[in-house]
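Engineer: Have a look at this one.
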């Protein structure tokens, strides 16, 4: 159990201390809650922070259930097993993808995200406040795996999260070079249950943090 997102971020930073003060490393956070975790990591390790724009694809009649996710640079991840489980048709999926890509673009504008900022780094520490299904994380990892930084020969992707289900951890092992976690339960119902304080994070807070910790 974590006191709050900031405390969880500090605990993750302790496991990532080998990257402290690295000129090659940058922390990349999934908004909104992940920004608080990412800020704590970035401040502890003296690293810059950037956001990544990702939106979950919701199931028909249950938008909270993820059937995939889309992200900036046209990246997408579809959970075909879940798609068949909820019987989502092709027309529905295409409409949902189109809608969520518009939201991805809006978030890019709102948070002033620029992918070219990432090209000067080779070590990417991706974080969020927790991973339940892994859909948004997979889409974000697609962005980073497709990225071609100036020093791509030394490219390293680290996924660092406070809590992730054991099943999803195993699924993601091949998509990041390293996964750093604090809690890995066999049954993860909701990320918020692992926090004493799990308040909503608004856009103004996200933008304020990014403007402070970007370089």
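Read-outs throughout are calculated quantities, based only on the coordinates presented, and are distinct from any laboratory measurement. Just so you know, these numbers come straight off a predicted model, no measurement behind them. Virtual Cβ from ideal backbone geometry, glycine too; neighbours counted across all protein chains shown.
Engineer: Considering Cα pairs under 8 angstrom that are at least six residues apart, work out the relative contact order of the chain and quote it in whole percent. Intermediate results must be reported in sequence, preceding the final value.
Structural biologist: Details: 420 pairs, mean separation 56.0, N = 215.
Dividing the mean separation by the residue count of the chain yields 26 percent.
Engineer: Could you check what % of the DSSP bridge pairs in the chain are antiparallel, to the nearest 5? Numbers along the way, then the final one.
Structural biologist: Working: 10 of 30 bridges.
Percent antiparallel among DSSP bridges in the chain is about 35.
Engineer: Taking springs between alpha-carbon atoms closer than 10 angstrom, which of 106, 96, 64 fluctuates most in the Gaussian network model of the chain?
Structural biologist: Per the Cα network of the chain with a 10 Å cutoff, 64 tops the list.
Engineer: While we're on this one: If I fit a long axis through the Cα atoms of helix 90-111 and take the longest principal axis of the Cα atoms of the chain, what angle between them do I get, 0 to 90°, rounded to 10?
Structural biologist: Relative to the chain, helix 90-111 is tipped by roughly 30 degrees.
Engineer: Something else: Report the full-extension gain for the segment residue 105 to residue 199: residue separation times 0.36 nm, less the Cα-Cα distance, to one decimal in nm.
Structural biologist: Working: separation 94, 0.36 × 94 = 33.84 nm, distance 2.51 nm.
Full-extension gain reported as 31.3 nm.
Engineer: By how many degrees, 0 to 90 and rounded to 10, does the Cα axis of helix 5-15 deviate from the longest principal axis of the chain?
Structural biologist: The answer is roughly 60 degrees.
Engineer: Then there's this: How do 26, 179 rank when sorted from fewest to most other Cβ atoms within 10 Å of their own Cβ? Before the final figure, lay out the partial values.
Structural biologist: Values: 26 24, 179 19.
With the sparsest Cβ surroundings first, the list reads 179, 26.
Engineer: Of 53, 22, how do they rank once you tally other Cβ atoms within 10 Å and put the fewest first? Don't skip to the answer; put the middle values down first.
Structural biologist: Details: 53 26, 22 16.
Taking fewest neighbouring Cβ atoms as first place, the list is 22, 53.
Engineer: Return the inverse of the average 1/r over all pairs of distinct C-alpha atoms in the chain, which is the Kirkwood hydrodynamic radius, in Å to one decimal. Please report the intermediate quantities before stating the final value.
Structural biologist: Working: mean 1/r = 0.0578 Å⁻¹.
Taking every pair of different Cα atoms in the chain, averaging 1/r and inverting gives 17.3 Å.
Engineer: Moving to a separate point now. Helix 33-45 versus the longest principal axis of the chain: what angle, 0 to 90°, nearest 10, using Cα atoms?
Structural biologist: 20 degrees
Engineer: Oh, and also: Normalising by the residue count of the range 55-110, find the relative contact order in percent from Cα pairs under 8 Å and 6+ residues apart. It would help to have the intermediate numbers written out before the result.
Structural biologist: Numbers: 63 pairs, mean separation 20.4, N = 56.
Dividing the mean separation by the residue count of the range 55-110 yields 36 percent.
Engineer: Just report the Cα centroid separation between the range 173-214 and the range 27-65, whole Å.
Structural biologist: 6 Å
Engineer: Something else: Points 7 angstrom from Cα along the Cβ direction at residue 119 and residue 212: gap in nanometres?
Structural biologist: So the two model labels end up 3.0 nm from each other.
Engineer: Under the rule a/c < 1.5 gives rounded, and otherwise a/b versus b/c splits prolate from oblate, where does the range 150-215 land using the Cα gyration tensor? Walk me through the numbers on the way to the answer.
Structural biologist: Details: a/c = 3.12, a/b = 1.01, b/c = 3.08.
Judged from the Cα gyration tensor, the range 150-215 comes out oblate (a/c at least 1.5, b/c at or above a/b).
Engineer: Return the whole-Å distance between the Cα centroid of the range 67-91 and the Cα centroid of the range 141-156.
Structural biologist: Each part reduced to its Cα centre gives a spacing of 24 Å.
Engineer: Can you say what percent of the DSSP beta bridges in the range 1-122, counting only those with both residues inside, are antiparallel? Round to 5.
Structural biologist: About 75 percent, rounded to the nearest 5.
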